[in-house]
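This report concerns only the one structure given below.
The values are calculated or read from the model by the stated rules, or taken from the named source; none is laboratory data. Everything numeric in this text was worked out from a predicted model, so none of it was measured. All Cβ positions, glycine included, derive from the backbone under ideal geometry; neighbour counts span all protein chains shown. For accessibility, only protein heavy atoms count, side chains too; no ligands or nucleic acids. Shrake-Rupley method; radii C 1.70, N 1.55, O 1.52, S 1.80 Å.
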Amino acid sequence: MHKKLSLGLSLGFYGNLTFVIFALVCYIYYKSFDPASGFSKVLEVCAYLCLFGGFAMLAAADVLIIITTRMRKLLKTVFSLYIVMEAVMMYCELNSFKVLSFYDPYSVWLAIIHSVLSAAVCFCFLDLDRYKHPFESTVIICIGIILGGMFGTILNIRIYFGILANAISFTILFAMIRSMLNRNIIEIDCHGDSARVAEYKGVFETEPDTGNNSDNK
């Protein structure tokens, strides 16, 4: 596996895992919220650390995937936009008690739009290596987890339930992509991939004369 791609997938995994922690911290934060409580302030700091840390890791993962893999412009574009969308949603979620009066964390339409857009981004990951059934199955399962995040509004849970569903889904997705690459179930062609260069040389170039033809003279 290409070293930069391997690092990008690892950062994507840990970045999404950090967002899982963020959602859990938010759950505790809103269950025990008290403006005068020191515990609430500690939880808020932890949430911001998870937010910025996860965003930094995902942004780095995005850059590494962009500069490493060939083509796949749609995937690269939508994943970049997805990272920005999640960062904005998390910021709004943390500040809804303060100054963001326009933000409704229990909005059904917000939950639906958030889940559908996230599922579309997940679907675009099929572009990494299409028509491999194990990978297709993984993407379908991850999309199902994302769409399940919409049902948080039915249970009267804030939008962080959808953020949690997304984070779990993409954590699984990045882990499975890395695992399938290591087991050669899928292949992702990268810039400067020596294995691919060797393969193309074997198809398009002839082998040099080794002198074996002298036996036929």
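Some notes on this structure:
- FRET efficiency, Ser6 to Phe52 (Cβ-Cβ, R0 25 Å, nearest 0.05): 0.55
- Exceeding the 32 Å Cα-Cα cut-off - candidates Lys4/Lys132; Lys3/Lys41; Lys31/Lys132; Lys4/Lys41; Lys31/Lys73: Lys3/Lys41; Lys31/Lys132; Lys4/Lys41; Lys31/Lys73
- Close amide H contacts of Ile186 (hydrogens built in the peptide plane, cut-off under 5 Å, sequence separation of 5 or more or a different chain): Leu181.
- Rough spin-label spacing in nm, given labels placed 7 Å along Cα→Cβ, for Ala120 and Asn95: 2.6
- Remark: the Val45-His191 segment gains 48.6 nm on full extension, using 0.36 nm per residue and subtracting the alpha carbon distance.
- Rolling a 1.4 Å probe over the protein heavy atoms gives segment 83-188 an accessible area of 47 Å² per residue.
- Segment 1-81 - accessible surface per residue (Å², probe 1.4 Å): 52
- Site pair Ile140 and Leu155 shows an inter-label distance of 2.5 nm when each label is modelled 7 Å from Cα along Cα→Cβ.
- Over segment 13-119, relative contact order from alpha-carbon pairs under 8 Å, at least 6 apart, %: 25
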